[in-house]
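*Asks:* Have a look at this one.
Quick note: the coordinates plus some simple rules give every number you see, no bench work behind them. What you see is a predicted model; the values in this text were computed from it and never measured. Cβ: placed from backbone, ideal geometry, glycine included. Neighbour counts: every protein chain shown.
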């Protein structure tokens, strides 16, 4: 069980509180995150109402993941949010990680778009994991590699959400990746340049390995499985 899993068992902000206690994140910044949590909570509620599905557990990550491939703030490939499969008590637990930087510097609309976008990845990951072939006992220790990179295929938002303005918001904010130059600049100037905690990541860090035996033992949300089956049935043959 990783730190994110622990966080969701207790408080979505526990990792942020730990970072403050360790003097890695200023207390004033953490206070701003707490003030902006209402936007994240509102975004989750909007996604649930529009999809008719429960949002997965989520938490706030105080360390900002940044791609190694960029050299300028606007090209750095900051990973503002990610779907994070992990294992807990022998089964798979799917979490959504939101960064503190997103909450501090993101607008209400951007936070809503990001929360909805990550939900489409969550639904698709449930599809992938629930249809994995786990019938062979000999393959019980085989590792299932799940990518949460944005170039992976996901169901179009319009098939998941009934809220047309929300679908439009996602379309405006995401062109393969999040498009928000104002957010990138604020994060570059006020987080990265000020040496707040970051974690440099490479393409290999966008993969997680989940034991097939954990996948086989997982009981995914029946409502999400039903939605996946409905969407799969609508796909052209």
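*Asks:* So, by mean Cβ neighbours within 10 angstrom, what's the order for 81-88, 94-101, 37-44 with the highest one leading?
*Replies:* 94-101, 81-88, 37-44
*Asks:* Going 7 Å from the Cα of residue 31 in the Cα-to-Cβ direction, what parts of region 177-196 have a backbone nitrogen less than 20 Å from that spot?
*Replies:* 190-191, 196
*Asks:* Quick check: pseudo-label points 7 Å beyond the Cα along Cα→Cβ at residue 162 and residue 234, how many nm apart are they?
*Replies:* 1.3 nm
*Asks:* How do the peptides 122-129, 109-116 rank, highest first, by the average count of neighbouring beta carbon atoms within 10 Å per residue?
*Replies:* Answer by packing, highest mean first, reads 109-116, 122-129.
*Asks:* Measuring from label point to label point, each 7 Å out along Cα→Cβ, what is the residue 107 to residue 171 span in nm?
*Replies:* Spacing of the two 7 Å Cα→Cβ label points: 1.8 nm.
*Asks:* Another one. Label points 7 Å out from Cα along the Cβ direction at residue 130 and residue 179: separation in nm?
*Replies:* Taking the two extended label points, one gets 3.2 nm.
*Asks:* How much length is gained on full extension from residue 49 to residue 193, taking 0.36 nm per residue of separation minus their Cα-Cα distance?
*Replies:* Extra length available between residue 49 and residue 193 comes to 48.0 nm.
*Asks:* Further question: Please list, by residue number, everything in region 40-58 whose backbone N is under 16 Å from a paramagnetic label point 7 Å out along Cα→Cβ of residue 89.
*Replies:* Hits in region 40-58 for residue 89 at 16 Å: 57.
*Asks:* For each of 50, 190, count neighbouring Cβ atoms within 10 Å of the residue's Cβ, then give the residues from fewest to most.
*Replies:* Ascending Cβ contact count within 10 Å gives the list 190, 50.
*Asks:* Find the all-direction average of the projected area of the Cα convex hull for region 24-113, expressing the result in square nanometres with one decimal place.
*Replies:* Spelled out: convex hull of the Cα atoms, projected over all directions, averaged, 7.6 nm².
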